[in-house]
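The values are calculated or read from the model by the stated rules, or taken from the named source; none is laboratory data. Please read all numbers here as calculations on a predicted model, not as lab measurements. No Cβ is skipped: glycine too gets one built from the backbone with ideal geometry, and neighbour counts run over all protein chains shown. Note: areas computed on protein heavy atoms with side chains; ligands, DNA, RNA excluded. Shrake-Rupley method; radii C 1.70, N 1.55, O 1.52, S 1.80 Å.
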Amino acid sequence: MLGAIGLDERQESAYRALVALGAAEVTDLAHRLALPEPDTERALRRLESQGLAAQSSARTGRWVAAPPGVALGALLTQQRHELEQAELAAALLAEEYRAEATEAAVHDLVEVVTGASAVTHRFLQLQLGAQEEVCALVTGKPIAVSGMENDAEEQAAGRGVRYRVVIERDVLTLPSGLLELSAALSREERIRVADRVPTKLVVADGNLAMVPLTGRGAEPAAIVVHASGLLESLMGLFESVWRDALPLRLGAGAQITEDEAPGPDVMDLEILSLLLAGMTDASVAKQLDLGLRTVQRRVKGLMELTGVTTRLQLGWHAYEKGWVARG
């Protein structure tokens, strides 16, 4: 427990014993700790350098413990100060890095990582460094990292990092697939399933992404993409797959169930049909005996559902999905 202030296990045991006894000879303390006397004395010298113990002025060879409230409090204050200085240095370095990266060279925007160990390390590092959200596409063929090895995901989620993950349906058939998904859903991660996922992908906070370069037959390799147009494209790919995938949830008895694909209701379809016939929002509202804001709210909801930004795109999407008939 006291390793954070620089004590190893032997030194901590010596201090605890000294606190319990109040004062002790090296011989007695060594016997209590089941350690050779030289090792016990080295531990005491270390405690002395930390201000946690001192030699008795009244009796040679006798050691006394410093009051924990005072001695440990001083060390903790020093540790907090050093941590604050380290955080400040990290912030300054990050600011300097961002300033230098403003006009980054093209070759600095993409980092190539090779080897299973390096790929695994970078993958975990990406998640451990995330502050807000991790987005991922997962296929049924792990290359360098399996879900059971990914402790970083649990740590990041425990810090409040949000997860949005789209898995390929084959993941549900993997031996540990359901177990991993149940654990992720219990951490309130948002998970969706798609028949096919175009590629493995992980994006941290929208400013750093990782994509594999090789398949199962070759040495694992991946590229790490920094903020750039390529990163925006990868994030767009994720959002596209996420939008069309079906949500998974943890049902009764910890059973994973798949929600049905969201779609328009009868009223939405009537509004769409009238709009595609050329009627205005006001005319549609009057025709269906609805409020104008109700019509506009439903149209906005349909646009969000389909992931489009214009009504022209919404009309095209409605025809493609078979929501309305041509002619």
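Considering only residues of segment 34-53 that are surrounded by 18 or more Cβ atoms within 10 Å (Cβ to Cβ) and modelled with pLDDT under 80, which is nearest to Ser13 (Cα to Cα)?
Among them, the one singled out is Leu47.
Between a residue in segment 179-194 that is at negative phi and any residue that is at pLDDT below 75 and open to solvent by 10 Å² or more (accessible area, probe 1.4 Å), which pairs come within a Cβ distance under 6 Å, given they are 6 or more apart or on different chains?
Correct list of pairs: Glu180/Gly147; Leu181/Ile256; Ser182/Ala254; Leu185/Leu250.
Suppose we keep only residues that are at pLDDT 75 or above and assigned to a loop (DSSP other than H, G, I, E, B) within segment 54-68. Which one would you say is nearest to Gln11 (Cα to Cα)?
First pass over segment 54-68, keeping only residues at pLDDT 75 or above: 54-55, 62-67.
With the extra rule that they be assigned to a loop (DSSP other than H, G, I, E, B), the set shrinks to 66-67.
Working: Ala66: 14, Pro67: 16 Å.
Among those that are at pLDDT 75 or above and assigned to a loop (DSSP other than H, G, I, E, B), it is Ala66.
Exactly one condition in (1) closer than 17 Å to Gly263 by Cα; (2) open to solvent by 80 Å² or more (accessible area, probe 1.4 Å) is false for Arg293; which is it?
(1)
Can you run down the residue pairs with Cβ atoms below 9 Å, 6 or more apart or on separate chains, where the first is in segment 301-322 and more than 23 Å from Leu237 (Cβ to Cβ) and the partner is surrounded by fewer than 13 Cβ atoms within 10 Å (Cβ to Cβ)?
Once the first residue is more than 23 Å from Leu237 (Cβ to Cβ) and sits in segment 301-322, its partners that are surrounded by fewer than 13 Cβ atoms within 10 Å (Cβ to Cβ) give Tyr319/Ala325; Tyr319/Arg326.
Suppose we keep only residues that are surrounded by 17 or more Cβ atoms within 10 Å (Cβ to Cβ) and either among the aromatic types (Phe, Trp, Tyr) or assigned to a helix (DSSP H, G or I) (or both) within segment 184-201. Which one would you say is farthest from the chain's Cα centre (by Cα)?
Here the answer is Leu185.
Which numbered condition trips up Leu172, out of (1) at pLDDT below 85; (2) under 27 Å from Leu109 (Cα atoms); (3) among the hydrophobic types (A, V, I, L, M, F, W, C)?
(2)
Just a yes or no: is a residue in segment 120-130 open to solvent by less than 40 Å² (accessible area, probe 1.4 Å), β-branched (Val, Ile, Thr) and modelled with pLDDT of 80 or more?
yes
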